[in-house]
Amino acid sequence: MRTPQRLLLVLLAALATLTASAGNLDIYWIDVEGGGATLLVSPSGESLLVDTGNPTPDDRDAKRIFAATQKAGLKKIDYLLITHFHGDHVGGAPALAKLIPIQHFLDHGDSIEANDPRSGPAWQAYKTLAAGKRTTLHPGDKLPFKDKAMNAVVIVSNAQTIKTPIDSTKTANPFCQNAATHPPDTTENQRSAGFLLSYGKFKFLDLGDLTWDVETSLACPLNQIGTVTLFQATHHGFVNDFSGAPAFVQAIRPQLVIVNNGPTKGWQNSAWDTVQKIQGLEDTWQIHRAMGPNHDHNVKDDLIANLEPTDACQGHYLKASIEPNGKITITNSRNGVSKTYTTH
Ligand SMILES: [Zn+2]
Ligand SMILES: [Zn+2]
């Protein structure tokens, strides 16, 4: 074959590879040891990072997030959404900002724990870092993706919920009958900003550490959200039943659940029981194997990113790649195991 023809074929092959991957929405769940750090990259390469993990002396979580941005080929983070001002969500932000530029910051408004000795310092550091680049999210707002294929609506923020339901069904949610109620939570968890992102038929729900009381108001007596495809289990797998109201979890009926738990944080037996009762659930994937008392339920090893206790943890991530036709491929970075699913 003559050289120009060969060159043309090489170019065409390269173009085919580019267009094949250009259509996907990619979501990474980065292991930040029981904190939150979820990176979304739109089909056109826009990036939204949801939370930044913990602050540690060695910047462990910021470095892990940075590594994921490099895997995704990012030069900057377009939007950083901080769900709420607890250290396991906002703590890594200052260190991360030294590794990669962060263009814009989205949050629920000022911390209600500004004077709390545990969470106050992380909030103050964030306030300094994000000064002049913050936007306060309100329920019903759209997240500012330029990519028109992406539609992300704020569902909750600062303990307020959407006024116009995503799901206009007027049938009472049957799971609300005799549902256990919890008194209003008084921490930053309750203030979590959360969103529902649609890409074609695929729907991803991330509500941070939203608490049982607000989850219930989203689901009872009418389910405001409808059903979703992939649910990031609230609060690291319903930590100590502060989150994970069954009337909410079972009404949204996710096909897939991702649990960003730590070895002994979240995903206790009650959380497992709630998730197993979801009708039509296809799989659950865990960031960590759950260990210790009241943590003796786990999915099979292939669907768990990290098997060790924290000390020896390598910080493997889970990745979901969603095609425009709704085909979902979830990959475990520890062993390369992938499974594919079809969005219903
Ligand atoms: Zn948390
Ligand atoms: Zn929290």
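The values are calculated or read from the model by the stated rules, or taken from the named source; none is laboratory data. Note that this is a predicted model, so its numbers are computed, not measured. Don't worry about glycine lacking a Cβ; one is built from the backbone with ideal geometry, like all the others, and counts go over all protein chains shown.
Do the conditions hold for residue 280, that is, is it modelled with pLDDT of 95 or more, within 25 Å of residue 202 (Cβ to Cβ) and over 19 Å from the mean Cα position of the chain (by Cα)? So residue 280 passes the test.
Can you find, within the stretch 152-209, the residue that is farthest from residue 220 (Cα to Cα) among those that are of a type in the set (Lys, Arg) and at pLDDT below 95?
Looking at the filtered set, the residue picked out is 163.
In the stretch 284-292, the condition of being more than 29 Å from residue 175 (Cβ to Cβ), crowded, with 20+ Cβ neighbours inside 10 Å and among the hydroxyl-bearing types (Ser, Thr, Tyr) is met by no residue. Can you find a residue that is under 29 Å from residue 201 (Cα atoms), part of a helix (DSSP H, G or I), more than 16 Å from ligand 1 (Cβ to nearest atom) and without any contact (Cβ under 8 Å) to a residue 40 or more places away in the chain anywhere in the stretch 27-46? The answer is no; no qualifying residue exists. The C-beta contact set for the stretch 196-209 (first residue touching a residue at least 40 places away in the same chain (Cβ under 8 Å) and within 19 Å of residue 138 (Cβ to Cβ), second residue of a type in the set (Phe, Trp, Tyr) and surrounded by 24 or more Cβ atoms within 10 Å (Cβ to Cβ), distance under 7 angstrom, 6+ apart or interchain) comprises 197/204; 205/231; 206/195.
For (1) of a type outside the set (Asp, Glu); (2) surrounded by fewer than 24 Cβ atoms within 10 Å (Cβ to Cβ), each residue gets a yes or a no:
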position	(1), (2)
182	yes, yes
192	yes, no
205	yes, yes
208	yes, no
215	no, no
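Of all residues in the stretch 256-270, those satisfying the criterion of being crowded, with 24+ Cβ neighbours inside 10 Å and within 14 Å of ligand 1 (Cβ to nearest atom) are 259, 260, 261, 262, 266, 267. When the stretch 232-255 is limited to residues that are farther than 13 Å from residue 182 by Cα and within 16 Å of ligand 1 (Cβ to nearest atom), the one that is farthest from the chain's Cα centre (by Cα) turns out to be 239. Summed over the stretch 237-268, residues that are of a type in the set (S, T, N, Q), more than 15 Å from ligand 2 (Cβ to nearest atom) and either part of a strand (DSSP E or B) or at pLDDT 95 or above (or both) total 3. Considering the stretch 217-236, the residues that are more than 15 Å from residue 156 (Cβ to Cβ) and within 16 Å of ligand 2 (Cβ to nearest atom) include one that is surrounded by the fewest Cβ atoms within 10 Å (Cβ to Cβ), namely 236.
Matching residues to (1) surrounded by 21 or more Cβ atoms within 10 Å (Cβ to Cβ); (2) hydroxyl-bearing (Ser, Thr, Tyr); (3) touching a helix residue (DSSP H, G or I) at 6+ places or on another chain (Cβ under 6 Å); (4) modelled with pLDDT of 95 or more:
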| position | (1), (2), (3), (4) |
| --- | --- |
| 3 | no, yes, no, no |
| 6 | no, no, no, no |
| 16 | no, no, no, no |
| 63 | no, no, no, yes |
| 66 | no, no, yes, yes |
| 79 | no, yes, no, yes |
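Enumerate the strands (runs of 3 or more DSSP E) found wholly within the stretch 276-327, keeping only those where 1 or more residues are closer than 26 Å to residue 226 by Cβ and either in contact with a Ser or Thr (Cβ under 6 Å, 6 or more places away or on another chain) or not polar (S, T, N, Q) (or both). Here the list reads 283-288, 318-322. Under the condition of being in contact with a Gly (Cβ under 9 Å, 6 or more places away or on another chain), outside any helix (DSSP H, G or I), within 16 Å of ligand 1 (Cβ to nearest atom) and not polar (S, T, N, Q), the residues counted in the stretch 47-67 number 4.
Within the stretch 98-123, the set of residues being among the small types (Gly, Ala, Ser), away from ligand 1 (no atom under 13 Å from the Cβ) and surrounded by 17 or more Cβ atoms within 10 Å (Cβ to Cβ) comprises just one member, 111. Residues of the stretch 263-284 that are farther than 10 Å from residue 295 by Cβ and of a type outside the set (D, E, K, R): 270, 274, 275, 276, 278, 279, 280, 281, 284. Might you let me know whether the stretch 160-167 holds any residue that is surrounded by fewer than 19 Cβ atoms within 10 Å (Cβ to Cβ), closer than 27 Å to residue 110 by Cβ and of a type in the set (Lys, Arg)? Yes: one or more hits. When the stretch 180-196 is filtered for residues that are more than 17 Å from residue 50 (Cα to Cα) and within 12 Å of ligand 1 (Cβ to nearest atom), only 187 remains.
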